[in-house]
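What follows is a set of notes on a single structure, which appears directly below.
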Amino acid sequence: MRMVDLIEYKKNNGEFNQQQIQFIIDGYVEGSIPDYQMSALLMAICFQGLNMQRKRPC
């Protein structure tokens, strides 16, 4: 998985799954995703919005 692909996916109104969200969070926290890529993702989210569906825990 690559952050640039996730940014493009969200820019095209894609909805992230749990694995993609975890990749983004983990990558940003550990420093492998730079600030400029997170900023680009947040801009795409600002324009496209987020899905607020909640899943039941297993």
For the chain, calculated [θ]222 nm from helices alone, where every DSSP H run of n ≥ 4 adds -39500 (n - 2.57): -19500 deg cm²/dmol
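Below 14 angstrom from the Cβ of residue 27, what's the summed charge of the other residues (Lys, Arg +1; Asp, Glu -1)?
On the way: positive: 2; negative: 5, 26, 30, 35.
Residues close to residue 27 contribute a combined charge of -3.
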Approximate spin-label separation residue 39-residue 4, in nm, with each point projected 7 Å along Cα-to-Cβ: 1.8 nm
Mean accessible surface per residue for the chain, computed with a 1.4 Å probe while every protein chain stays in place, in Å²: 83 Å²
For the chain, size of Cβ-based charge dipole, Lys and Arg +1, Asp and Glu -1, in debye: 320 debye
Cut-off 12 Å between beta-carbons: net charge of the residues surrounding residue 45, Lys and Arg +1, Asp and Glu -1: +1
P(r) weight above 12 Å for the chain, C-alpha pairs, percent: 67 percent
Extension reserve of the residue 20-residue 47 stretch, reckoned as 0.36 nm per residue once the Cα distance is removed: 7.8 nm
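The values are calculated or read from the model by the stated rules, or taken from the named source; none is laboratory data. Since this is a predicted model, take the numbers as computed values, not measurements. No Cβ is skipped: glycine too gets one built from the backbone with ideal geometry, and neighbour counts run over all protein chains shown. Accessible surface is based on the protein model in full, side chains and every heavy atom, while ligands, DNA and RNA are left aside. Shrake-Rupley method; radii C 1.70, N 1.55, O 1.52, S 1.80 Å.
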